[in-house]
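Below: the structure, in structure tokens.
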Amino acid sequence: MAEAASLSTASHEPGSPWVGQSIPRVEDAALLTGRGRFIDDIGVRPGTLHAAILRSPHAHADIVSIDSSAAKRAPGVFAVLNGEDVKALTASLVVGVKAPVECWPIAVGRVRYVGEPVAIVVAADRYLAEDGADLIEVQYRVRPAVVDPLAALNLDAPVLHDGFAGNVASDRTFRYGDPEQAFASAAHRISLDIRYPRNSCTPIETYGVVADYDPSDDAYDVLANFQGPFSIHAVLSRALRVAGNRLRLRTPPDSGGSFGVKQGVFPYIVLIAAAARAVGRPVKWIEDRLEHLAASVSATNRATTLSAAVEDNGRVLALDWDQVEDCGAHLRAPEPATLYRMHGNLTGAYDIRHLAVRNRVVVTNKTPTGLNRGFGGPQVYFALERLVQRIAVELGLDPLDVIMRNLIPADGFPYRTASGALLDSGNYQEAIKRGVNEGGLAELKSRRDAARAQGRLYGIGYTAVVEPSVSNMGYITTVLTPADRRKAGPKNGAQATATVAIDPLGSVTVHVASVPQGQGHRTVLSQVVADVFGLTPADIRVNTEMDTARDAWSIASGNYASRFAPAVAGTAKLAAGRLSERMARVAASQLNTEIDDIAFAGGSVRSKRNPDNKVSFSRVAALSHWSPGALPDGIGQTIRETVFWSPPELTAPDEEDHINSSLCHGFIFDFCGVEVDRTTLQTRIDRYVTMHDCGTILHPGMVDGQIRGGFAQAVGAALYEEYAYGSDGSFLTGTFADYLLPTVAEVPDPAILHMQTPSPFTPLGSKGVGEGNCMSTPVCIANAVADALGLKDVELPLVPAKLAQIVRGDEPMPAKGRAIEETAKRGGDRHLRGKGEAVVGAPAERVWAMLLDPETLQAVIPGCQNVEKISDTHFRADVTIGIGPMKGRYRADVKLSDLDPPHAVTLGGSAEGALGFGGGEGRITLVPTGNGGTAIRYVYEAAIGGKVASIGGRLLDGAARVIIGQFFASLARKVGGNPDAQSLPSLLSRALRLFGGHR
Amino acid sequence: MSRLQAGRRHSVRFSLNGKPCTGEAEPRLLLTDFLRHQLAATGTHVGCEHGVCGACTVSIDGKPARACLTLAVQIDGCELRTVESIAPSPDRLGILQSAFKRNHALQCGFCTAGILMSLDCFLRAHPRPDEESIRDLLCGHLCRCTGYTPIVRAAIEAAAELVDHGKEKTDA
Amino acid sequence: MKAAAFDYVRAEHLDEALDVLGREGSDARIIAGGQSLMAMLNMRLAKPRTLIDIMRLPELARIESKGGTITIGAGVRQASLQEWPELGRDLQLAALALPWTGHAQTRSRGTVCGSIAHADPSAELPLVLQALAGEVHLRSAKRRRRVAANDFFVGMMATTRADEEMIEAVSFPAVHKRSAFREVARRHGDFAIVACAAVATANGVRLAVGGVADVPTARDFPDLDGSALDDALNGFAYSLDARDDVHATARYRRDLVRMIGRDLMREVLQ
């Protein structure tokens, strides 16, 4: 029977296992009292310096020059490093495909995304470091940018790296079964084009690195809130040009969330370590939120065309995937893993034997991608489960019937998918049946019908998802051809480690290399090990800090791919079990009984037959410390046991590109009801049901916590969150007021249901559970909205404004006599457009003369200094532009063209400063008014980028109007006539009245 | 009038968690940095430094406030309380903290201090809040781990328990 | 993300603040609650040479109700106004709008006048001032003047306040007619995509809209209905010159003005 996991602390029956109980977390007391030890809470060595990073405002540009001289002279600044300086101390990060490209953690000669590091300032504190960064002058030569993955494929697209053919880093095709035959014979071919957006799970704690270099030992010591995988340690050692044993990488005891994202701190480990080496002092860097949003890491966006060969009854015979994966500006390790993580699971929960795949990986002028909760799953399932819904609509079937018709049969496990995944266990039909009944689908349908009867926009969506966990470290090599793989040697497995140690007083310490980021690993391990030793969780102390110089670890160590419960916790059980087996022999000899009669319970080791015949656990446990000679022969020691565990099922990809990409496969069935408000077009989740089978549940409260947390992030991905870029590569969502994380008001409470089908492949029978809702929920909500609105194409996030045309059709026209302004912009067009008119009491000739006079311009442009006349029609100047409290200095370059004296002139130019850059063009026409005055009419089009576009995009249009208004007001003032307020458009009239009338 | 010059440190006197406290701060030093790096009160966390995420929320004169939108020099003479103050003793949790623990209302714990301080201020001022007002208050906080439901549940439980006890803090 | 260096002046008398402002002009900024300014300082969008803290001036911390006018000093925090006992009776519109102004954690520090001085086109309090045709009390070392809300806001974050002036107070007429307020944002507490305020007038409704034009904009409507009302609202919606941004399109904004405007007018005319 499915049970809602209880959150309340279960009372523990003596003798019953701790595993499976929602015991209170050992982590909580410190975190609730302000005694957590996050990276920025831990003290540093005396003399530690602080870094700030100057970042590119441009999406794509050559660096012409970097002048750091003023920054180096600034108070408290110790050093400024640019790309060349870092390059001299390091080597390129390795790139995951075979191509002659380099990947540096800082721009070398060229910037390729907004936010790319350009220089590091090291100073006595962060404030001074940022002061220094403000003083660095960088000259850029802007290149055209490409942000769209399909546009990046075009032959005439700007090319980011000469080493990639076009912008394609990888292009592989795969064929499993006989897809051509299946498509030829099927009654229907149903296709869908999908765009999955960029988003990120954005932990509330940002990245942090403290690095030190010891020249006497040529060794680095780095503390970072890195989360793994520790395969990255090899990348770091190579980049820092030291042997692996000379890079000590440590993690702090607590980490403020990661969800994959903190894998992406690794390029900064190289940067900060290089800076520490350069200055000869420890250097600390804590990323700020603007840096994090613009340039930490993002999930991939993906363009997918997915087709299915379908029979009349909805049975799918074959799938044809065409995926174009956008990894941003650099292919950073472990990318293109996002694309291949799901390679064994491209048929989802369905029994589909024929499969064609084309996978292309492209680079674009956006932030490089990396790990993010769900990792490839959201992208794949959005396409697959949208297609299932479309199949139902196009064939007039019930979507749930189409799901049911295609499921892997319940007696089919373990089930080998067409592309090679071995699905360990499950009963999908049963899970759906329970979900439908216990989740109240019938009632939800009644709600929908009632709502629709009232004219409301209500829909129901479904998804069925297989959630992979415990990644095969070899899946990424599927990107290589079999020939290349043969050359590189096989890569596979998922080596987990755990150490259980006994101290001289017989108490138990557990260490794992799982690097938790808030999940509660310490609590669960205390349960697992307590059960083995017959102790209580409070008796077990768990240490999850990681230190590559001391701890047992492997490339697979870390906190990713939902590997804790299935792999790490199970390995801890094995390690404890090995000690307990030996202790049982010790106890058997002490209690004069045989090993089979020994039980660990209640803090004792005792005879099962005669429970009074017992010895305390600590006494048996500590014997190895105090009297090794008293141990029975062949025991060795009982002090410490480290187990390395890698499941044999995780083999390398074969010659036909079959890959068992993950060890475990949970199952999720979701359905939901949503309503789209007719006025606001906001999507409200009325009810959400999520049914999970994640194998054996170790801690019900934590499992539900993972589900709720993933669900909340998925609601964000579905409705609110997108890393938005303009067509010029400008980054548009640089603050938490632009990149919108859902709050308590936006996240409903999902109904969570469980079924437990243990995994036969893991020591505890458990599977991963943390990522599933990031895969299932976005598409479930999208399916429901598609149902509500009758949509074929659904684009996430479901920004209400995007639905206006769909729901309402054409907009009412403005009243007669008012021209329709074409303000609707296509996606990514960020041009600011405007026009206006100012009337001055001076003849056109006089206005004309002033427009062409640098001195007048200097007087007219607010805050204008140092006008330099390059030619009669070309000027350069420094200008100070202010909007409200925002004030910045810019270098401006202005050219006049299309001169038609004294009637019209085109003013084009650009400006660049610390807050960003802009460029634009305006046509000014002078029309005599008949009473000796002149009407100055202007139209302009401008684009603004850089910092101000990232953090103030909402305000740019208005800001442009204020600035341009200032210019004409000032011109009018200079001309000497009184501007005629009556004839001006609303804002400008008032601006002119103000500026013209009052100074 | 006092003019505190840029680039120099100036004395700031205030009450921190019920005890008089003196520190030195440049005018531009944020209260977050002042608390964490000068006064070693690292329980207050920094998540966004633009007032949205709520991780740095502290109590200033009894009202919840963003420490990242406050200068250290602005709190001269104020009563400041932080997460370090809300347990009745170092080895015991307060009612609100216990409710969080019981309800699994935290995972990574990074946003938790700010949420606790908002709720602590709120429950002192509003002893019998309804769920809607608790939710409205919590809108000012971002949590990436829990999905919020357990936080709301913990707050409701704590509010009820505080009324039952008829005092603000008690053993847990 | 740390502010550039500045001097900090803790004014103990209003004259001191005005004196510094008079001498330093646009290089000085008043800081009251700091809930808008501090983020801009942290991002280094603003780099004033001097900050003048006016929160120690008791004369600015008062709410006065006299002769049908409510005057709110520059030191009055949004939370204090929310707790003012007469608010629901005399300033119903502000009572409706304040819960939408940021969050409890920012209203506790942010001031009413600070929000108006900041003149964000999406902010609620400037909209309320415009809807109620309130006034801004400006003061410099040399003079005092009052500016009608409609003349005060001139553009995106641009006002008629001169560099040497500060807002000493804002005043609202006490309004006992029916008021209504509604806001649409991506999330609760975000900057408004559209915020609408409506107040019944002697012969119709005054409707004010924030978040669409560069300034909060009000228009008086006679008591219309049917297609006449539709046409009037449509004209108003187009007159606001709505723009696109990442959160909404111009068309969506106009839709909301038309639809919410109609709802609110109906609500206050009931």
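Observations
- Residues in region B:104-160 that are free of Cβ contacts under 8 Å to residues at least 12 places away in the same chain, more than 9 Å from chain A (Cβ to nearest Cβ) and not in a loop (DSSP other than H, G, I, E, B): B:Glu132, B:Ser133, B:Ala160.
- Search result, residues across region A:820-860 that are at pLDDT below 80 and within 14 Å of another protein chain (Cβ to nearest Cβ): A:Ile820, A:Glu821, A:Glu822, A:Thr823, A:Ala824, A:Lys825, A:Arg826, A:Gly827, A:Gly828, A:Asp829, A:Arg830, A:His831
- Only listed residue being more than 24 Å from the chain's Cα centre (by Cα) and either of a type in the set (Ser, Thr, Tyr) or crowded, with 24+ Cβ neighbours inside 10 Å (or both), chosen from A:Val138, A:Val121, A:Val146: A:Val121
- Residues in region A:112-156 that are among the acidic types (Asp, Glu) and assigned to a loop (DSSP other than H, G, I, E, B): A:Glu116, A:Asp125, A:Asp148, A:Asp156.
- Residues in region C:164-178 that are surrounded by fewer than 21 Cβ atoms within 10 Å (Cβ to Cβ) and either within 13 Å of the chain's Cα centre (by Cα) or at the interface with chain A (Cβ under 10 Å from one of its Cβ atoms) (or both): C:Ser171 only.
- Subset of region A:740-758 [more than 7 Å from every other protein chain (Cβ to nearest Cβ) and over 18 Å from A:Ile707 (Cβ atoms)]: A:Pro758
- Being out of contact with any Lys or Arg (no Cβ under 6 Å at 6 or more places or on another chain), buried (at least 22 other Cβ atoms within 10 Å of the Cβ), within 9 Å of chain A (Cβ to nearest Cβ) and in contact (Cβ under 8 Å) with a residue 60 or more places away in the chain is a property that C:Arg253 has.
- Assessment of region C:206-213 against the conditions (in contact (Cβ under 8 Å) with a residue 40 or more places away in the chain, more than 9 Å from chain A (Cβ to nearest Cβ) and part of a loop (DSSP other than H, G, I, E, B)) yields at least one matching residue.
- Selected residue (criterion: farthest from A:Asp148 (Cα to Cα)) from residues of region A:299-339 that are surrounded by fewer than 24 Cβ atoms within 10 Å (Cβ to Cβ) and polar (S, T, N, Q): A:Asn313
- The set of residues in region A:369-407 being over 23 Å from A:Asp793 (Cβ atoms) and crowded, with 24+ Cβ neighbours inside 10 Å consists of A:Thr369, A:Gly370, A:Leu371, A:Asn372, A:Arg373, A:Phe375.
- Filtered residue count, region A:716-739, keeping only those that are among the hydroxyl-bearing types (Ser, Thr, Tyr), touching a helix residue (DSSP H, G or I) at 6+ places or on another chain (Cβ under 6 Å) and within 13 Å of chain B (Cβ to nearest Cβ): 2
- Test: residue in region A:849-865 that is touching a strand residue (DSSP E or B) at 6+ places or on another chain (Cβ under 7 Å), in the same structural domain as A:Phe967 (by TED's automatic domain parsing) and part of a strand (DSSP E or B): yes
- Looking across region A:476-503 at every residue that is more than 28 Å from the chain's Cα centre (by Cα) and within 30 Å of A:Arg619 (Cα to Cα), the one that is surrounded by the fewest Cβ atoms within 10 Å (Cβ to Cβ) is identified as A:Asp503.
- Within region B:31-44, restricting attention to residues that are assigned to a loop (DSSP other than H, G, I, E, B) and under 20 Å from A:Thr48 (Cβ atoms), the residue that is nearest to the other protein chains (Cβ to nearest Cβ) is B:Thr42.
- Breaking point among (1) surrounded by fewer than 24 Cβ atoms within 10 Å (Cβ to Cβ); (2) within 29 Å of the chain's Cα centre (by Cα); (3) under 28 Å from B:Gln107 (Cα atoms), for A:Glu771: (1)
- Here the helices (runs of 4 or more DSSP H) wholly within region C:32-137 that include at least 3 residues being more than 9 Å from every other protein chain (Cβ to nearest Cβ) and in contact (Cβ under 8 Å) with a residue 12 or more places away in the chain are C:78-83, C:92-97, C:112-118, C:124-131.
- When A:Gly426, A:Gly435 are screened for being in a helix (DSSP H, G or I), of a type outside the set (A, V, I, L, M), buried (at least 21 other Cβ atoms within 10 Å of the Cβ) and touching a strand residue (DSSP E or B) at 6+ places or on another chain (Cβ under 7 Å), only A:Gly435 passes.
- The single condition among (1) crowded, with 24+ Cβ neighbours inside 10 Å; (2) more than 10 Å from chain B (Cβ to nearest Cβ); (3) more than 13 Å from A:Pro797 (Cβ to Cβ); (4) of a type in the set (Ser, Thr, Tyr) that A:Thr683 does not meet is (3).
- Any hit, region B:85-98, residues being within 12 Å of chain A (Cβ to nearest Cβ), in contact with a Cys (Cβ under 8 Å, 6 or more places away or on another chain) and among the charged types (D, E, K, R): no
- Within the set B:Ser2, B:Ser15, B:Ser59, the sole residue that is within 15 Å of the chain's Cα centre (by Cα), more than 14 Å from chain A (Cβ to nearest Cβ) and farther than 20 Å from A:Asp125 by Cβ turns out to be B:Ser15.
- Residue, farthest from A:Asn345 (Cα to Cα), within region A:778-813, restricted to residues that are part of a helix (DSSP H, G or I) and within 11 Å of another protein chain (Cβ to nearest Cβ): A:Arg808
- If the condition is being farther than 20 Å from A:Arg358 by Cα and either in contact with a helix residue (DSSP H, G or I) (Cβ under 8 Å, 6 or more places away or on another chain) or assigned to a strand (DSSP E or B) (or both), then region A:311-333 contributes A:Asp312, A:Asn313, A:Gly314, A:Arg315, A:Arg332, A:Ala333.
- Within region C:15-31, the set of residues being among the hydrophobic types (A, V, I, L, M, F, W, C), part of a helix (DSSP H, G or I) and within 11 Å of chain B (Cβ to nearest Cβ) comprises C:Ala17, C:Val20.
- Region C:223-250, residues that are more than 8 Å from every other protein chain (Cβ to nearest Cβ), buried (at least 20 other Cβ atoms within 10 Å of the Cβ) and in a loop (DSSP other than H, G, I, E, B): C:Leu240
Listed here are the residues, each with its yes/no results for (1) in the same structural domain as A:Ser624 (by TED's automatic domain parsing); (2) closer than 19 Å to A:Val769 by Cα; (3) among the β-branched types (Val, Ile, Thr); (4) in contact (Cβ under 8 Å) with a residue 24 or more places away in the chain.
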residue: A:Pro482; (1), (2), (3), (4): no, no, no, yes
residue: A:Pro490; (1), (2), (3), (4): no, no, no, yes
residue: A:Ile502; (1), (2), (3), (4): yes, no, yes, yes
residue: A:Gly506; (1), (2), (3), (4): yes, no, no, yes
residue: A:Val515; (1), (2), (3), (4): yes, yes, yes, yes
residue: A:Arg522; (1), (2), (3), (4): yes, yes, no, yes
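- In this structure, A:Thr499 does satisfy being in a strand (DSSP E or B), of a type in the set (Val, Ile, Thr) and on the phi < 0 side of the Ramachandran plot.
The values are calculated or read from the model by the stated rules, or taken from the named source; none is laboratory data. Only a predicted model underlies this, so the values are computations on that prediction, with no experimental measurement involved. Quick reminder, even Gly has a Cβ in these numbers, built from the backbone with ideal geometry, and neighbours come from all protein chains shown.
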